[in-house]
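The values are calculated or read from the model by the stated rules, or taken from the named source; none is laboratory data. Predicted model only: the values in this text are computed from it and were never measured. Every residue, glycine among them, receives a Cβ derived from its backbone with ideal geometry; neighbour counts consider all protein chains shown.
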Amino acid sequence: LTAKVLLLHGLATVPANIRPGLPVQLHVADTDPFFPEPDVRAWQHAAEAAQTDVRIFRYPNSGHYFSDPALPDYNDTAAALLWDRILAFLD
C-alpha cells in the first residue's frame, strides 16, 4: 500500500518533514472564495519545494462544497469528475 494525500475543498499546511515524492492531490473550486488562486499557487509552490508529486485540480462553475449533493454549492458534473479522479488516484 502506497501512502497518498488527498485534499478536498481546501488547503492544508505542507509539513516540513513530508516525504519527497509523496503523491498529493488537491481538488478545489475554481473560484472558491475561501481558497483564491494566489493562495492555491503559494500552496503549490510549498508542496513542490518539499518535492512532493503534487497535482491540483480546479473545478469551474463550482461552489466551495461542490461534491456534496445536500448543499447549494453542489455541481453534479464537477462532482462526477472529482470522484473519477479520486478513484484513479487511489487505484
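Summary table
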read-out	value
When residues of the stretch 19-34 are limited to those that are surrounded by 14 or more Cβ atoms within 10 Å (Cβ to Cβ) and at pLDDT 95 or above, the one farthest from residue 61 (Cα to Cα)	22
Residue that is nearest to residue 63 (Cα to Cα) [pool: residues in the stretch 6-18 that are of a type in the set (Gly, Ala, Ser) and surrounded by fewer than 13 Cβ atoms within 10 Å (Cβ to Cβ)]	12
Residue that is modelled with the lowest pLDDT, among those in the stretch 60-80 that are charged (D, E, K, R) and in a loop (DSSP other than H, G, I, E, B)	73
Filter result for residue 26 (within 15 Å of the chain's Cα centre (by Cα), without any contact (Cβ under 8 Å) to a residue 40 or more places away in the chain and in a strand (DSSP E or B))	yes
Check on residue 55, exposed (fewer than 15 other Cβ atoms within 10 Å of the Cβ), at pLDDT 95 or above and touching a Lys or Arg at 6+ places or on another chain (Cβ under 9 Å)	yes
